[in-house]
Amino acid sequence: MLSNSEKEFLEVNGYLNLGQLLTGAEVSAINEKLKKLLEAEGENAGSELAESKYIRHPKEEGADRLADLVNKGSIFDQFYTHPRVLAGISAVLGDSYKLSSLNYRAAKPGKGLQKLHVDYKNAVVANDYKVCNSIWLLDDFTTDNGATRIVPGTHKSDRLPDEVMKDPNLSHPEEILINAPAGSVFIFNSHVWHGGTENRTSNIRRSIHSYFCTRDQPQQIDQRKYLTQETSNRLSVRAKEILDV
């Protein structure tokens, strides 16, 4: 599901634009479902993140969060089963991987800035990658609305942003912004330096992250703990394998 040139780009740069995998109608339906979930969960929205010892920042003042989307509607199944996404994950992690978490993040106006970081406790050795993310754009990502920034090639670095930069909140001279229309999906090796930027518009900037890890790593959200019977009944054997349930 990935061309040789796409695999090479991902390997060299640490990220890849998979194109628009969602139609406009699908994006609208997903955003409507998320809106209803946020209203229903209220102050408890994203509470599953706080229950996990493997998530460093469960609460984020500058963003709305939802977690455990696996169990919150079949509309979210494609986020961790889409063949093109799985091909990208496999290109980074190999064939032995599982879903770590499926979460929603929306950067609020005037907020959303994150320091450059990686999603692992240390730099990797000899391309032994442990984590890989996909970000599904539910709004157009622009220079002004808090688009994710990535420093290409840094997944191969033996140092972390905090070790190199005086202030990882500042721009890096080699960073690029993910600027793309809603419905687009990006794979990025989670060992690449990345972070959200400030949303300088008056609207929220929405996305969903389907985050994967190798099978020897703990999941951010324990899928076995949260799996409901309703979810289990609808899932294929392959989907359950991806969830490790």
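Helix-only mean residue ellipticity at 222 nm, the chain, DSSP H runs n ≥ 4 weighted -39,500 (n - 2.57), per residue, nearest 500. What is it?
-7000 deg cm²/dmol
Between S171 and A29, what length in nm is gained on full extension when 0.36 nm per residue of separation is reduced by their alpha carbon distance?
47.7 nm
Per-residue HN-Hα couplings for segment 135-146, Karplus 6.51 cos²θ - 1.76 cosθ + 1.60 at θ = phi - 60°, whole Hz, x for Gly and Pro?
Values per residue, Gly and Pro as x: 10, 9, 7, 9, 9, 4, 8, 10, 4, 9, 9, x Hz.
Picking from F212, N71, A147, whose Cα lies most toward the positive end of the charge dipole for the chain (charges on Cβ: Lys, Arg +1; Asp, Glu -1)?
Of the candidates, N71 comes out farthest on the positive side.
Per residue, how big is the convex hull around the C-alpha atoms of segment 79-121? Give it to me in cubic angstrom, could you?
Output value, Cα hull per residue: 121 Å³.
What residue among Y104, G19, H117 has its Cα farthest toward the positive end of the dipole of segment 1-134, where the charges are +1 on Lys, Arg and -1 on Asp, Glu, each on the Cβ?
Farthest towards the positive pole: H117.
Share of antiparallel DSSP beta bridges in the chain, in percent to the nearest 5?
Around 100 percent of the beta bridges assigned by DSSP in the chain are antiparallel ones.
Mind checking the per residue accessible area of segment 90-245 for me, 1.4 Å probe, whole number of Å²?
43
Principal axes first, then extents: for the Cα atoms of segment 16-66, list largest minus smallest coordinate on each axis, whole Å, largest first.
34, 31, 18
Among the aspartates and glutamates, which have Cα under 14 Å from the Cα of K121 when same-chain residues fewer than 8 positions away are ignored?
K121 reaches D158, D162, E163.
Starting from the Cα of A50, step 7 Å along the direction of its Cβ; do the same at Q20; then give the gap between the two resulting points in nm.
That separation, rounded to one decimal, is 3.9 nm.
With +1 on the Cβ of every Lys and Arg and -1 on the Cβ of every Asp and Glu, and nothing else charged, how large is the dipole of the chain about its Cα centre, in debye rounded to the nearest 20?
The dipole magnitude comes to about 260 debye.
Checking a compactness column here: for segment 1-107, what do you get for Rg(Cα) / (2.2 N^0.38 Å), N being the number of residues?
1.21
Using only the alpha carbons of segment 45-110, what is the convex hull's orientation-averaged projected area in square nanometres?
If I average the Cα hull's projected area over directions, I get 5.8 nm².
Using only alpha carbons, build the gyration tensor for segment 95-226 and give me the equivalent ellipsoid semi-axes, biggest first, whole Å.
Computed over segment 95-226, the values are 24, 20, 12 Å.
Considering the alpha-carbon set of the chain alone, what are its Rg and its Dmax in angstrom?
Rg, Dmax (Cα atoms, Å): 16.8, 51.
What number, in nm² with one decimal, is the all-direction average of the projected area of the convex hull of the alpha-carbon atoms of segment 181-235?
6.6
The values are calculated or read from the model by the stated rules, or taken from the named source; none is laboratory data. Keep in mind that this is a model prediction, so the values were computed, not measured. With ideal geometry, Cβ positions are generated from the backbone for all residues, glycine too; neighbour counts draw on all protein chains shown. Areas reflect the complete protein model, heavy atoms only, side chains present, ligands, DNA and RNA absent. Shrake-Rupley method; radii C 1.70, N 1.55, O 1.52, S 1.80 Å.
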